[in-house]
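The values are calculated or read from the model by the stated rules, or taken from the named source; none is laboratory data. For clarity, every value in this text was computed on a predicted model and none was experimentally measured. As a convention, Cβ positions derive from the backbone with ideal geometry for all residues, glycine included, and neighbour counts pool all protein chains shown. Accessible surface is based on the protein model in full, side chains and every heavy atom, while ligands, DNA and RNA are left aside. Shrake-Rupley method; radii C 1.70, N 1.55, O 1.52, S 1.80 Å.
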Amino acid sequence: MTTTHATSRPDACSMLWADAELPAWGTASSARFWVVLEQAGPWGREAALNSHLDADVGHELTRACADAGGRLLLVRDPGRHADSTSRSTISRAWVAGGLASRPWLLEGEVEDPIELLRLPWEVLSDEDPDEVGLFLPQLEETREPLLLVCTNGRRDVCCAIRGRPAALDAAQRIPGRVLECSHIGGHRFAPTGIMLPSGQTWARLDGDRAELAYAAERRGEIPAELNDPAYDRGRSCLPPAAQAAQSWVRQQTGELGLVALRTADDAGEGLVEVHTHDGSTWRVRVTRVEGPSVRDTCGALSKPSITWAADPA
C-alpha cells in the first residue's frame, strides 16, 4: 500500500526559512541530558500534559528534568497514531547523559512512567551512567544511537506535514532506531531531529541525511556532508552562542568528533573560546544577525529573522 502525505504550503515557516537559505547554527534546545518516554497516540501542544500520559506524572517529570537542566520528550513509532488507550502502562524509556564529555544512552522498559521520578537527576550529566542503574536497574546501556524526529504538529503544522514523512523514511532505512518525538524547538527548520546520546540536533532532515547522521553518531562524529549551517543546529549541552562558535570552528577545520571541541564563553562579551583536541584555541566572535522578514512559526506574523553569525576575533 502506498502512503501519501500532505504537502507544505509555500508560506509555511519551514519553507520560508529554507527558501531564504537561513542558517541553523546555534538553535539546538539547551539540555544537559534527555529523558525519553514512549507514549503512543496523539499529543497536544504540551505533549507531556496533553496525551494519554497522566497529566500529573507528565508535569512532575517535566519539572524534575527542567530543574536539573534536562528535557523530557515523548516518543512513538513512526506511522499512524490511533487514538486508543491500552490497559498496560509498560512503556519503553531512554535516558541520554554525559553529553559534554562521554555521551551514554540507557534504554529499557518501565512498568509505570512514574518510576522515572526515581532518576538521580544530579548525576545525569556525568560521564558514568552506573549510578542510574542503582535506581532503575531495568535501564541498560546501549551502543546503538537513537534518532528522534519531531512530529508534534500541535506545536507547528510543519512538524507534522514534513516531520512525519521524514521519520517514516528514516525508520525504514534504520529499523528500530528512529522514533517520532514531541516538541524539540526549531520547527522553522523542519524536518528537525536530535541524535542520542550526543544531543546533536539537525535541521532539514530527509532519509539520506538521517542515514548519514546515524552512521556518524555510531562513530562519535557528525557527518562531513552535514557539517554545514543549513543542517547543523548544534549540540544541546551548549548555550546557543557556544553552539554557533563550535559549528563555525568545525566548518573551518573539518573537525567531526562530537566531543573533540570544548568551549568557554567568558572570553569577553560576544566572544567564545573553542579549544580543540590538539591544543589549539580559537577565539570566535558570535553575533545575532537580523535578516529577511519570515515567520518563525506557521501561526505567527512575519518578522525579521534572527540567526547567529561567527567570525574570528
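Quick query: amide H of Gln200 versus all other amide H atoms, modeled in the peptide plane; which residues come in under 5 Å with a sequence gap of 5 or more or a different chain?
Long-range HN contacts for Gln200: Met195, Ser236.
Excluding Asp56 itself, what net charge comes from residues whose Cβ is under 14 Å from its Cβ, given Lys and Arg +1 and Asp and Glu -1? Mind showing how you got there, number by number?
On the way: positive: Arg63; negative: Glu46, Asp54, Glu60, Asp112.
Overall, the nearby charge balance is -3.
How large is the Kirkwood hydrodynamic radius of the stretch 143-267, counting all unique pairs of alpha carbons, in Å?
Numbers: mean 1/r = 0.0693 Å⁻¹.
Kirkwood hydrodynamic radius for the stretch 143-267: 14.4 Å.
Could you state the accessible area per residue of the stretch 123-176 in Å², with a 1.4 Å probe and every protein chain left in place?
On the way: 2500 Å² over 54 residues.
Normalised by residue count, the accessible surface of the stretch 123-176 is 46 Å².
When DSSP beta bridges are limited to those with both residues in the chain, what percentage is antiparallel, rounded to the nearest 5? Can you show the working numbers first?
Values: 43 of 52 bridges.
Restricted to the chain, the bridges split so that about 85 percent are antiparallel.
Among DSSP beta bridges lying fully in the stretch 29-156, give the percent that are antiparallel, nearest 5.
70
Do you know the relative contact order of the stretch 99-252, to the nearest whole percent, from alpha carbon pairs under 8 angstrom that are 6+ apart?
Values: 253 pairs, mean separation 29.7, N = 154.
Normalised by residue count, the contact order of the stretch 99-252 is 19 percent.
Whole angstrom only: what separates the Cα centroid of the stretch 210-282 from the Cα centroid of the stretch 148-173?
Distance between centres, Cα-based: 25 Å.
Ignoring ligands, DNA and RNA, please state the percent of accessible area on the chain from carbon and sulfur, probe 1.4 Å.
Working: 6690 of 14020 Å².
Percent of accessible area from carbon and sulfur atoms in the chain: 48.
Of (i) 21.8, 67; (ii) 18.8, 59; (iii) 19.0, 70, which one was derived for Rg and Dmax of the Cα atoms in Å from the structure shown?
Given (i) 21.8, 67; (ii) 18.8, 59; (iii) 19.0, 70, the calculated one carries the label (ii).
Below 10 angstrom from the Cβ of Leu124, what's the summed charge of the other residues (Lys, Arg +1; Asp, Glu -1)? Please report the intermediate quantities before stating the final value.
On the way: positive: Arg32; negative: Glu122, Asp126, Glu131.
Result for the local shell: -2.
At what distance in angstrom do the alpha carbon centres of the stretch 12-26 and the stretch 175-202 lie from each other?
Comparing the Cα centres of the stretch 12-26 and the stretch 175-202, I get a distance of 17 Å.
Between Glu122 and Arg219, what length in nm is gained on full extension when 0.36 nm per residue of separation is reduced by their alpha carbon distance? Walk me through the numbers before you get to the answer.
Details: separation 97, 0.36 × 97 = 34.92 nm, distance 2.77 nm.
In short, 32.1 nm is gained.
Just from its helices, what would the mean residue ellipticity at 222 nm be for the chain, if runs of 4 or more DSSP H residues each count -39500 (n - 2.57) and the sum is divided by every residue, rounded to the nearest 500 deg cm²/dmol? Before the final figure, lay out each step's value.
On the way: 7 runs with 68 residues, N = 313.
Dividing the helical sum by the residues of the chain leaves -6500 deg cm²/dmol.
If R₀ is 30 angstrom, what is the calculated FRET efficiency for the pair Gln252 and Leu49, using the beta carbon separation as r and rounding to 0.05? All intermediate terms of the calculation are to be shown ahead of the outcome.
On the way: r = 43 Å, r/R0 = 1.42.
Plugging the Cβ-Cβ distance into 1/(1 + (r/R0)^6) gives 0.10.
Around Ala47, with a cut-off of 11 angstrom between Cβ atoms, what is the net charge of the other residues, counting Lys and Arg +1 and Asp and Glu -1?
On the way: positive: Arg45, Arg76, Arg154, Arg155; negative: Glu46, Glu180.
Cβ neighbours under 11 Å give a net charge of +2.
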